[in-house]
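Here, each number is a calculation from the coordinates, and none is a lab measurement. What you are looking at is a predicted structure, and each value in this text was computed from that prediction instead of being measured. Here Cβ is always computed from backbone atoms with ideal geometry, including for glycine, and neighbour counts include all displayed protein chains.
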Amino acid sequence: MSRVAVAMLLVGVLGAGSWGLETDGCGLMAEGLSAQTPQPDFEASRRRLEDIRAERDRLRREQQQLESQVRDAGAELRNIERQREVTNQLVNELERQMRGLGDQLLSSSQELALAQDNLADRRAVLERRLVDIYKRGPLYTFQVLLTAESFSDLLTRYKYLYLQNRQDRSLVNDIGRLENRIRRQRGELVDVQVDLDRRREERASELKSYEALAEERSAKLGRLRKSSESTQLRISALERDEARLNEVLAGLERARRASRPGAARTSPPSPGDLTTSDLGSLDWPVSGRILFRFGRDTLPSGAVIRRNGIGIAAPAGTPVKAVSSGRVALVQRLGTYGLTVVLEHGNGFFSLYMQLGTSAVAVGATVQKGESIGTVGGSNTDQGPHLYFEIRGENQIALDPADWLRRR
């Protein structure tokens, strides 16, 4: 009876401690998997990527400003080239990030596989334990304790059962931790895979952007070369035609002087002669807005030329009137100037009416102020229908027509 009482007392103590499985922190395996934390190099790459994107956006805004200005094709081309370089840097940065994400994905996959193997081993051990416990039956613990031969034997059996209980609980807790870790690890793998896929898509998009910029740069270079060649040809033609016009005017001036060998250069002007007293008082040869003014001008291609007159926009066919009385010295087509009428006004002054559609006078005829000498042409020019008007002084010096015409 004393042995039975001691046994029952120990069973009560064990029951109060709960034979359910619990852990004391002495599990069979330590935490094998650690949370994935972004590496410093990867974070630095992210920051560089944001800086590159900001630079690319700034260059795009600058390109829009350049396109709105239209004039500076060279600056626009340099901007496209910088955009291409920045896009190349962006692709390289994305490549680095993809390598980092690939390494992270591989490491996470390996740790996940190891965790799954450990989980399988723990489950196999737990399954064998559960089978063994089931076979022994619910009274196995009492049988072990009640068959003790002595009190020391009873304590030994109790310690054995207690350690076996702790080992079972540790096994169950290890399995629970592994399952939670695997669940989190799978979520991290999905996130890394999604991030990697997004980087791949962005890289593909940037590569297309790079190709588009390369094509645009090539096209811009082609257009710039053509524009440069066209501008050079145009400038050469203008210089050639201007030299030809100067020769014509010089010939007219020589003929004028030869026809008046005894006349003094300082003789008073005859009626209708143009003099400096007419500054700011001449009527406009045609009404319209000024397309370009006397002096330096920049072409759309960026080339700089000098205008010896002004361009006045007017519908094709509009009558062109003489600004002062004079004699028709020339009616001729002069290259890029088109159909040209030159009036001689005396004292070495000439007025030139260019880009005419038709002429209504003949060489040697005398015209009066306000008389029609032709019509506006120039429809096939870059500026559209307009009159190109010049005033030349002695020795073919080009004078600003705006100083001679009435203020509007």
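Per-residue Cβ neighbour counts within 10 Å put LEU178, LEU105 in the sequence LEU105, LEU178, beginning with the fewest.
Taking trypsin sites (Lys or Arg not before Pro) across the range 133-203, none is in a DSSP loop with at most 12 further Cβ atoms lying within 10 angstrom of its Cβ. In plain terms, the residue of VAL194, VAL86 with the fewest other Cβ atoms within 10 Å comes first and the most crowded comes last, giving VAL194, VAL86. Here the Kirkwood formula puts the hydrodynamic radius of the range 273-404 at 14.7 Å, using every distinct Cα pair.
Per-residue extension of 0.36 nm, minus the Cα-Cα distance of ARG223 and GLU239, leaves a gain of 3.4 nm for this segment. Sparsely packed loop sites in the range 100-193 (the GluC sites (Glu not before Pro) outside DSSP H, G, I, E and B with at most 14 other Cβ atoms within 10 Å) comprise GLU149. Ranked by how many other Cβ atoms sit within 10 Å of their own Cβ, fewest first, the residues ASP297, ASP57 fall in the order ASP57, ASP297.
A simple rule links phi to the HN-Hα coupling: the Karplus curve 6.51 cos²θ - 1.76 cosθ + 1.60 with θ = phi - 60°, which for the range 363-380 gives 4, x, 6, 9, 10, 9, 4, x, 6, 6, 10, x, 10, 5, x, x, 5, 8 Hz, with x for Gly and Pro. Other residues lying with their Cβ under 13 Å from the Cβ of VAL367 contribute a combined charge of +1, Lys and Arg counting +1, Asp and Glu -1.
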